[in-house]
1. Treat each spin label as a single point 7 Å out from the Cα along the C-beta direction, and report the Phe348 to Arg137 distance in nm.
2. List the GluC sites (Glu not before Pro) in the stretch 130-218 that DSSP assigns to loop (not H, G, I, E or B) and whose Cβ has at most 10 other Cβ atoms within 10 Å. Which are they?
3. How much area per residue is accessible in the chain when the probe is 1.4 Å and only protein heavy atoms are counted (Å²)?
4. How many Lys pairs in the stretch 175-340 lie less than 23 angstrom apart by Cα atoms, where the lysines are 8 or more positions apart or on different chains?
5. If the label point is 7 Å along Cα→Cβ of Gln88, which residues in the stretch 106-121 have backbone nitrogen under 17 Å from it?
6. Using Cα-Cα distances under 8 Å and only pairs 6 or more residues apart, what relative contact order does the chain have, in percent?
7. Once you place label points 7 Å from the Cα toward the Cβ at Ala202 and Arg226, how far apart are they in nm?
8. Tell me, what % of the accessible area of the chain is carbon and sulfur with a 1.4 angstrom probe?
Amino acid sequence: MDIQIIRNASPAAKPADEGKLGFGRIFTDHMFTMEWDREKGWHDAKIEPFGNLSIHPASTVLHYGSEIFEGMKAYRWADGRIVLFRPQENFARMNRSAVRMGLPELDPDFALRSLKELIKIDADWVPHGVGTSLYIRPFMIGDDEHLGVHSVQHVRYLVILSPSGSYYAAGINPVDIMIEDADVRAVRGGTGEAKCGGNYGASVRAGERAEQKGYAQVLWLDGVERKYIEEVGSMNIMFKIKGKVCTPVLNGSILPGITRKSILELLRSEGVEAEERRISLAELIDAAQDGTLEEAWGCGTAAVVSPVGHLAYEGKVYEINGAKIGPVTQHLYDELTGIQWGKRPDPFNWIVPVE
Ligand code: PLP
Ligand code: COI
């Protein structure tokens, strides 16, 4: 399929201070858009000026949440090259999310080619500063113009780009997390393992309660028994307990993170055992109390590798590793960002240049 290119005749000024980018607040000059319907399939692929969408007030996405998205980053290397990290994994996950939500799958090769074209057009927007990157947000919405709840007939796929700094104001400094025991994020058979907007909309209330108490995010428990650890609001969670790295097993209600997968592959390639298993809240609290919870960190595209300094549960606060980044967390941060920024070799072939 050809991509029609409509250049932005009034490009915006680039941010003057890359130290103040924040996350997801500034957008580049162009976006990618494509339409789908049952007769024609995907069509009308365009790179066009970034701008507001015109949408019918009865559009499916506005009423029934037919929406999926992805999150990935483009990194600018010291030699000026721009690269992506495992983008094929994102498009594969997007297709799994699409199947779960009754939306059409993308051709992953075309999705990658069109993403590269878009980034090339907005290449000047990829920031240079340490720890900055171009955050990429592909998303898909159901767009039928009637109120019946049926399989969707019209869909739009878009990609927007946002030069960003760190997701947490704390940067690589430890974040404090509150264990949520009232609301649940997802249940098996629901949409937890899909990256769909509704999962995040439903998480806002718990996130607000945590923020009011000074915590960055919540740690979700399983939706049935509320006994097992699942993940954090925008990242997967890992622990080092009694000398061993462990992370909750993918059980159908947790988002299969690409950073999580990469860390497990990295550790195993170093001969370090990393367990994917059920981790009970009781085990975690016991370990936090007796000091055998040696490290805890979250991992995700936006959050990278974020050490957890304090865990709060039922009014008690547990400090982890003196609220300092631990050696495994630091090692994983260094290795992963080293590969992403071209400062370390990439034996896994995770890097995909934008060319
Ligand atoms: N879990 C949730 C709920 C997320 O939103 C994210 C971020 O995408 C992750 C985990 C981490 O996934 P990834 O490493 O693919 O970014
Ligand atoms: C990401 O890490 O890419 C995310 O999607 C997290 C979040 C901002 C929802």
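The values are calculated or read from the model by the stated rules, or taken from the named source; none is laboratory data. Keep in mind the model is a prediction, meaning the values are calculated, not measured. Methodologically, a virtual Cβ is constructed for each residue, glycine included, from the backbone with ideal geometry; neighbour enumeration extends over all protein chains shown. Accessible surface areas use protein heavy atoms only, side chains included; no ligands, DNA or RNA. Shrake-Rupley method; radii C 1.70, N 1.55, O 1.52, S 1.80 Å.
1. 2.6
2. none
3. 44
4. 17
5. Within reach of a label on Gln88, which here means backbone N under 17 Å from a point 7 Å along Cα→Cβ, the stretch 106-121 contributes 106-116.
6. Relative contact order here is 18 percent.
7. Simple spin-label model gives 1.5 nm for this pair.
8. Reported share for carbon and sulfur atoms: 50 percent.
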